[in-house]
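Chemist: So that we are looking at the same thing, I have put the structure below in structure tokens.
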Amino acid sequence: MSDSTAPTSASPLGGRFWAFWSAALASNLSDGVAMIAMPWLASSLSPDNAALVALVATAGRLPWLLLALPAGVFVDRSPRFTLMVRANSLRLVLWAVLALVVFTGWTSIPLLAFFAFCFGAMEVCYDTAAETAVPALVPRERLERANGHVRSGAVVAQEFVGRPLGGFALTLGPALPFLFNIAALLVSVVALARIPVRTTEHPKAPAGRGMRGVFSDVVEGVQALWNRPLLRAVAIISVFFNTAYATLLSTQVLFVRDTLGSGPTGFGLLMAFAAVGSIVGGQSVAWLRSVLPHGTLPVWSLAAVAVLYLGVAVFPNVPVVAAAYFLSGGLVMGYSVAMTSIRQRVTPDHLLGRVNAAMRTVGWGMSAVGMAAGGVLVASLAPALGQADALRVPYTLVSVVGLVVVVFFGRRLTGLVREYDV
């Protein structure tokens, strides 16, 4: 990293970026409220059937698996800010219809699953367009700062404002959280509509292709990821690490309850430690990139996460876990922001939406596999090890996979970052 980078990366990000950030903050606030309101509404409709409640959550995640790749095509063909405005406007209308449905008492699990799928589809479009739009708002050398602010703001809006607000609103009435969502999305749409857009930020679909060219464009985006050595290496790492990491996520509530012996309050506090760590990590990425040897930040982040989770597996007590969650939350966020920024720099703009979508499909797809595998792993080991010790195994698995990735891919990843991220 040259000395000239530091003052440039510390310069102001500009009014266009902060308008975009405000829109993202309001959109994430709506997401945070929904994270509480939708599961609660589903559980109130079917309190004794966990499978039906899970159906609503699954419907909300399914668009990331089914629609992310074609969404990336439309992001690359459409004005990104316009697409974001339309996606959040449609979400606003959907929340208004759902609020009316809840108010009139016509809600059912199938209907709620349908709405969850629609919300998820709009989220796929908005988030893919937003991640692709950031490089148009700030210079290349400021991407870590910009992405760090966006990711940190998302954590604050969802975890520390949206979820408590959703819970409070539910105590006042089942339809009230949806009214908060409508207001938040309205703020987001207005903020996005006020961003001055340059003509160079309006990608055009190739003439005459229309919908018939979507499949070939998806293939082009996947090939663009696979044919670039750096992006291919990151995708392969994601397959292994995201799968292992998701086994931990799907069983951590049981780990806190059965291994640590903590109740709901303790679980909430540990999640708060992780969230605060994520905020610190998101705000520290640009500084870490400037002080660490060029290209080493992603590898150091993976190695440190592996060591921290090994500590959790060996010493499963509340102080150790709280410290590990705080530090690993920051490191995981740091790795995510660093790799997103690098991907934005090395990918041509006309392919960025599709490459982002392909990378998210890999990440979310393997997370779904890992979450299912985590439950199976713990259930299969519990008879031999006992429930409390079996729940330590996912942390060991993350540690082992992380260290193996660092040993076998670390030098290669650092070399690729130095070669291509210049």
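Chemist: Counting each DSSP H run of 4 or more residues in the chain as -39500 (n - 2.57), what helix-only mean residue ellipticity at 222 nm follows after dividing by all residues, to the nearest 500 deg cm²/dmol?
Modeler: Details: 17 runs with 338 residues, N = 422.
About -27500 deg cm²/dmol.
Chemist: Which residues' amide hydrogens lie under 5 Å from the amide hydrogen of residue 46, considering only partners 5 or more residues apart or on another chain, with H built in the peptide plane?
Modeler: Amide H to amide H, under 5 Å and 5 or more residues apart or across chains, residue 46 pairs with nothing.
Chemist: Based on the alpha carbon coordinates of segment 29-169, what radius of gyration and maximum Cα-Cα distance (Dmax) apply, in Å?
Modeler: 16.5, 53
Chemist: When only C-alpha pairs under 8 Å and at least 6 residues apart count, what is the relative contact order of segment 310-422, in percent?
Modeler: Working: 35 pairs, mean separation 40.3, N = 113.
With pairs under 8 Å counted, the relative contact order is 36 percent.
Chemist: Moving on. Please return the longest stretch of the chain lacking exposed loop sites, where trypsin sites (Lys or Arg not before Pro) count only if DSSP places them in a loop and at most 16 other Cβ atoms lie within 10 Å.
Modeler: Longest gap between qualifying sites, sites excluded: 210-422.
Chemist: Using each residue's phi in segment 248-257, evaluate 6.51 cos²θ - 1.76 cosθ + 1.60 at θ = phi - 60° and report the 3J(HN,Hα) Karplus result to the nearest Hz, with x for Gly and Pro.
Modeler: Residue by residue, segment 248-257 yields 6, 4, 6, 10, 5, 5, 6, 4, 5, 6 Hz.
Chemist: In what sequence, largest accessible area first, do 73, 400 appear using a 1.4 Å probe?
Modeler: 400, 73
Chemist: Sticking with this one: So, with a 1.4 angstrom probe, what is the percent of accessible area on the chain that is carbon and sulfur?
Modeler: For the chain, the apolar C and S fraction of the accessible surface comes to 71 percent.
Chemist: Still on this structure: What accessible surface, in Å², does a 1.4 Å probe find on residue 419, ignoring ligands, DNA and RNA and rounding to the nearest 10?
Modeler: Result for residue 419: roughly 110 Å² accessible.
Chemist: Next question, about the same structure. Could you check how many percent of all C-alpha pairs in segment 232-326 are farther apart than 16 Å?
Modeler: Value for segment 232-326 (Cα pairs over 16 Å): 63 percent.
Chemist: Work from the charge dipole of the chain (Cβ charges, +1 for Lys and Arg, -1 for Asp and Glu, about the Cα centre) and give the residue of 416, 239, 362 farthest towards its positive end.
Modeler: 416
Chemist: Let me ask another. Each residue of segment 414-422 in order: what ³J(HN,Hα) in whole Hz does its phi give by Karplus 6.51 cos²θ - 1.76 cosθ + 1.60, θ = phi - 60°, with x for Gly and Pro?
Modeler: Per residue, the Karplus-derived 3J(HN,Hα) values read 4, x, 5, 4, 5, 6, 9, 8, 10 Hz.
Chemist: Hey, in the GNM for the chain with a 10 angstrom Cα cutoff, which one of 312, 332, 369 fluctuates hardest?
Modeler: Highest fluctuation of the listed residues: 369.
Chemist: Can you give me the three principal axis dimensions of segment 325-382 from its C-alpha atoms, in Å, biggest first?
Modeler: 49, 26, 10
Chemist: Oh, and also: Pairs of alpha-carbon atoms within less than 8 angstrom and 6+ residues apart define the contacts here; what relative contact order does the chain have, in percent? Don't skip to the end; give the middle numbers.
Modeler: Values: 617 pairs, mean separation 109.9, N = 422.
Relative contact order here is 26 percent.
Chemist: Place +1 on the Cβ of every Lys and Arg and -1 on the Cβ of every Asp and Glu in segment 137-183, take the dipole about the Cα centre, and give the residue among 179, 167, 154 whose Cα lies farthest towards its positive end.
Modeler: 154
Chemist: Can I ask one more? Taking the solvent-accessible surface of protein heavy atoms with a 1.4 Å probe, what is the per residue accessible area of segment 215-352 in Å²?
Modeler: Accessible surface, normalised per residue, equals 40 Å².
Chemist: Next question. Could you let me know the centre-to-centre spacing of segment 212-289 and segment 57-120, using Cα atoms, in angstrom?
Modeler: Their Cα centres are 23 Å away from one another.
Chemist: Quick check for me: using +1 on Lys/Arg Cβ and -1 on Asp/Glu Cβ, what's the dipole size of segment 15-95 about its Cα centre, in debye to the nearest 20?
Modeler: 360
Chemist: With P(r) over Cα pairs in 20 Å bins from 0, in percent in mind, check [x] 25, 54, 19, 1, 0; [y] 20, 47, 31, 2; [z] 25, 60, 15, 0 and report the label derived from this structure.
Modeler: Here P(r) over Cα pairs in 20 Å bins from 0, in percent agrees with entry [z].
Chemist: Would you tally the net charge around residue 286, using a Cβ to Cβ cut-off of less than 10 Å, leaving residue 286 out, and scoring K and R as +1, D and E as -1?
Modeler: +1
Chemist: 7 Å from Cα along Cα→Cβ at both residue 318 and residue 267: what's the point-to-point distance in nm?
Modeler: With each label placed 7 Å out from Cα toward Cβ, I get 1.6 nm.
Chemist: How large is the dipole of the chain about the Cα centre if only Lys and Arg carry +1 and Asp and Glu carry -1, each at its Cβ, rounded to the nearest 20 debye? Numbers along the way, then the final one.
Modeler: Numbers: 28 positive and 18 negative charges, 178 e Å.
It comes to approximately 860 debye.
Chemist: Quick one: among 363, 277, 14, which has the greatest mean-square fluctuation in a GNM of the chain with alpha-carbon springs under 10 angstrom?
Modeler: 14
Chemist: Still on this model: Which distance in nm do the two modelled labels at residue 385 and residue 219 give, with both placed 7 Å along the Cα-to-Cβ direction?
Modeler: That separation, rounded to one decimal, is 4.4 nm.
Chemist: What does the net charge come to around residue 145 if you take all other residues with beta carbon closer than 14 Å to its beta carbon, with K and R at +1 and D and E at -1?
Modeler: +3
Chemist: So, in nm, how far is label residue 292 from label residue 168 when the simple model puts each one 7 Å beyond its Cα toward the Cβ?
Modeler: Computed distance between label sites residue 292 and residue 168 equals 3.7 nm.
Chemist: HN-Hα J couplings of segment 328-336 from phi, Karplus 6.51/-1.76/1.60, θ = phi - 60°, integer Hz, Gly and Pro as x?
Modeler: Once rounded to whole Hz, the list reads 5, x, x, 5, 5, 4, x, 4, 4.
Chemist: Please report the base-10 log of the normalised intensity I(q)/I(0) for segment 328-422, using a Debye sum with one equal scatterer per alpha carbon and no solvent, at each q in 0.12, 0.18, 0.19, 0.25 (1/Å).
Modeler: After summing over all Cα pairs, the log10 values are -0.56, -1.02, -1.09, -1.36.
The values are calculated or read from the model by the stated rules, or taken from the named source; none is laboratory data. Computed from a predicted model, the values in this text were never measured in an experiment. Cβ sites come from the backbone with ideal geometry, for glycine too, and all protein chains shown count toward neighbours. Note: areas computed on protein heavy atoms with side chains; ligands, DNA, RNA excluded. Shrake-Rupley method; radii C 1.70, N 1.55, O 1.52, S 1.80 Å.
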